[in-house]
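To start, the structure itself, in C-alpha cells.
The values are calculated or read from the model by the stated rules, or taken from the named source; none is laboratory data. These figures come from a predicted structure and were not determined experimentally. Note that we place each Cβ from the backbone using ideal geometry, even for glycine, and neighbour counts take in every protein chain shown. When the accessible area is computed, the model is the full protein with side chains, heavy atoms only, and any ligands, DNA or RNA have been set aside. Shrake-Rupley method; radii C 1.70, N 1.55, O 1.52, S 1.80 Å.
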Amino acid sequence: MALYSEKVMDHFMHPRNVGTIDGADGVGEVGNAKCGDIMKIYLKIENDIIEDVKFETFGCGSAIASSSMATEMIKGKSIHEALELTNKAVAEALDGLPAHKMHCSVLAEEAIKNALKDYFDKNGIPYDRKMYEEMDHEQLHAQVHGE
Amino acid sequence: MQVYADNAATTAMSQVAINAMLPYFDKVYGNPSSLHSVGQRAKEALDAARATVAQCLGCEPREIIFTSGGSEADNQAIISAARFGAKKGKKHIISTAFEHHAVLHTLAKLEKEGFEVTYLDVHNNHNVSAQQVKDAIRPDTCLVTTMYANNEIGSVLPIAEIGAICKEAGVIFHTDAVQAVGHLHINVKEQNIDMLSLSAHKFHGPKGVGALYVRKGIPLVNIIEGGAQERGKRAGTENLPGICGMAAAMKDACDHIDENMPRVAAMRDRLIEGLSKIPHSAVNGDLVHRLPGNVSFCFEGIEGESLLLLLDANGVCASSGSACTSGSLDPSHVLLAIGRVHDVAHGSLRLSLCEYNTEEEVDHILKVVPEVVQYLRNMSPVWRDLQTGKRQYIL
C-alpha cells in the first residue's frame, strides 16, 4: 500500500517488542481512546541501561509501527540516550510518515519519556521537570493531525 | 485469495457496461449537439440512454439530467429546491443526521445563507421513521432530503411513506439514492419521489457519471453554466461513453434485482451472524430494513485503520469509519449519529458485498476477521484495561 513506506509496513506487520513486562521499572501511557490512539511503554532498567522494553498500542498502522521502531531504537541504550530520542528520529528511521501521521511518532517519544519519568519518580532520581510540562493530548492531536 | 468487499465505495464494471461504452470512443464519437450525421448518431445514443435510465426509475426521459455523479446531482437538487422555496418565502429544510457529505455540506452552505435545517435523529433502529418527517414539517418547509439507504451502515429508509407525507404536505422530496439504485426496486412515481440522485459506479457502471431525476414542474438551478446541453440545465458536452455505460449497467442491474438481492442478502446475513460471535462487538444499522450487501460492525478495543491494513494483507478489502481513515480528527459522523461513542466508532468495519462475491469469499472473511481482531486486541492497552476491569466495556 502506497500510503506508508516499506519500513512502516514492515514494523506494522511484524511489530518488535509487543507485550508487557511484569514488575517493570517504568511504565508510561499517552493518548486517549477518544482520539483513537493510546501507547503504553514498559521498561526494564539496570545500571542506567534499558535492558528490555515492551509496548502495547491501540491505534492506526503508523502508531503501531512508531511504537515498534521507537522501542527498537532505545533497547540496550542508556537512559540518557533514550531521553534524547526525538519523534523526528523515529519518523526518519521509518523512512518518513505521512504529514497527518507525524503525531504517531510524537506519541512514541512521549510514551518513552513518560515511562522514564515513572522510573525516576519511583527511584527518587532527579530530572529536568520542564521536559514534562503537561501537553494536552487533544491539543497535540489537533496541532499535528488537524485539518 | 483476494476478496473485494468494498462495493459501497465502488464496484467493478460489468462486461455489459464496458461493451456498451466501447463504440462511443472511436466509432460514434460525435458531439450530440452537432447538426451533422456524425453528431446526430451520438444524439440518438444519448436519447436512448436517457430513455433507459428513465424506464429503470419509472419516469419520463425528459425528467432525467445527466451529471458527473451523485455529488453533483445532490448539489443541484438541493440548491434548486432551496431557491424555489425561498422565492415563496419558505426557507426550512428537513434532512437526517446521517446523510452523505454531498448533502450535508450543501445544506451547511444554505444554513450560512439563512436557511434553517432540521436534522432528524437516527438513534432509533439506526433509521428515521416517516412519522419523524411528518412531525418536522412546518408551513415554511420547502424541501425534505433524505438518503434512500445509508452508505456506511446500510439502513434503508421508508422512502414511499416519506414520499406520501411530502406529497400531502406539498413539500418537495429529494432522495440521495446512490447506494440504492440497481440494488433495490425503485419507482419514483409510485413512491412520490420528486428528485433522485444516482451514481453509475455503484452498480457496475463507469466512474464520473450519474444522473438527477427531477419531476416535471420543479425548476432547476444550474450548478455548471455554459452551453444548452441537458435542456440548458447542465452545461458541458455530454460524457457519452459514460452515459451509455451507465444506462447499460443500470438496465442490467435493475433487470436482475430479484435474483441478486436474495443471494447477496444471504451472504450478508451469514457475515453478520458469524461476526456477531466476536465478543464485545455490535452491528451498526437497521437489521430489518437493510441494503442487501451491507455489513457494518464496531469492535471494542481496536482501531479501524490498523484493522483495514491487516485485512488487506490477508486478502480482504474493506473500509472503516475510524478517524484515521476519514482523514479528520473525528470518526464517521454516521457512527456518532447512531450513538456510537468515539472510543468504539474508531473500531468500525464496513464490508459491502455485491453479486460478484461468493460463498467461499464469505468463508474467507469469516476466518480472517476474528483472527485479525484478536491479534490487534492482544496488543491493545485498551483491551487489556477492559479485561482487567480498569475500563468498562461499552459494547
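Pairs linking a residue in segment B:366-395 that is facing another protein chain (nearest Cβ under 9 Å) and free of Cβ contacts under 8 Å to residues at least 40 places away in the same chain to a residue that is assigned to a helix (DSSP H, G or I) and acidic (Asp, Glu), with Cβ atoms under 7 Å and 6 or more positions apart or on different chains, are B:Arg391/B:Asp385.
Of all the listed residues (B:Lys207, B:Lys202), the sole one being farther than 23 Å from B:Ala169 by Cα, crowded, with 24+ Cβ neighbours inside 10 Å and basic (Lys, Arg) is B:Lys202. Selection of segment B:201-229 for residues being assigned to a helix (DSSP H, G or I) and closer than 21 Å to B:Thr145 by Cβ yields only B:Lys202.
Among the residues here, A:Ser105 qualifies as out of contact with any His (no Cβ under 6 Å at 6 or more places or on another chain), closer than 30 Å to B:Arg340 by Cα and open to solvent by less than 40 Å² (accessible area, probe 1.4 Å).
All but one of (1) in a strand (DSSP E or B); (2) at positive phi hold for B:Ile65; state the number of the condition that does not hold. Unmet condition: (2). Checked against (1) under 29 Å from B:Ile257 (Cα atoms); (2) open to solvent by 20 Å² or more (accessible area, probe 1.4 Å); (3) within 14 Å of another protein chain (Cβ to nearest Cβ), B:Gly321 passes all but condition (2).
Scanning segment A:56-84 for residues that are under 17 Å from A:Asn114 (Cβ atoms), crowded, with 21+ Cβ neighbours inside 10 Å and more than 11 Å from chain B (Cβ to nearest Cβ) returns A:Ser66, A:Ala70, A:Thr71, A:Ile74, A:Ala82. Taken over segment A:22-31, the criterion of being over 15 Å from B:Glu305 (Cβ atoms), among the small types (Gly, Ala, Ser) and under 15 Å from the mean Cα position of the chain (by Cα) is satisfied by A:Gly26, A:Gly28.
Residues that are open to solvent by 30 Å² or more (accessible area, probe 1.4 Å) and within 30 Å of the chain's Cα centre (by Cα) within segment B:19-35 comprise B:Asn19, B:Leu22, B:Pro23, B:Tyr24, B:Phe25, listed in sequence order.
Of the residues making up segment A:32-55, those that are within 9 Å of chain B (Cβ to nearest Cβ) and under 15 Å from the mean Cα position of the chain (by Cα) number 6. The residues listed here are B:Val16, B:Val38; of these, the one that is open to solvent by 60 Å² or more (accessible area, probe 1.4 Å) and either charged (D, E, K, R) or not in a loop (DSSP other than H, G, I, E, B) (or both) is B:Val16. Checking each residue in segment B:324-338 for being open to solvent by 40 Å² or more (accessible area, probe 1.4 Å) and of a type outside the set (S, T, N, Q) picks out B:Gly327, B:Leu329, B:Asp330, B:His333, B:Leu336.
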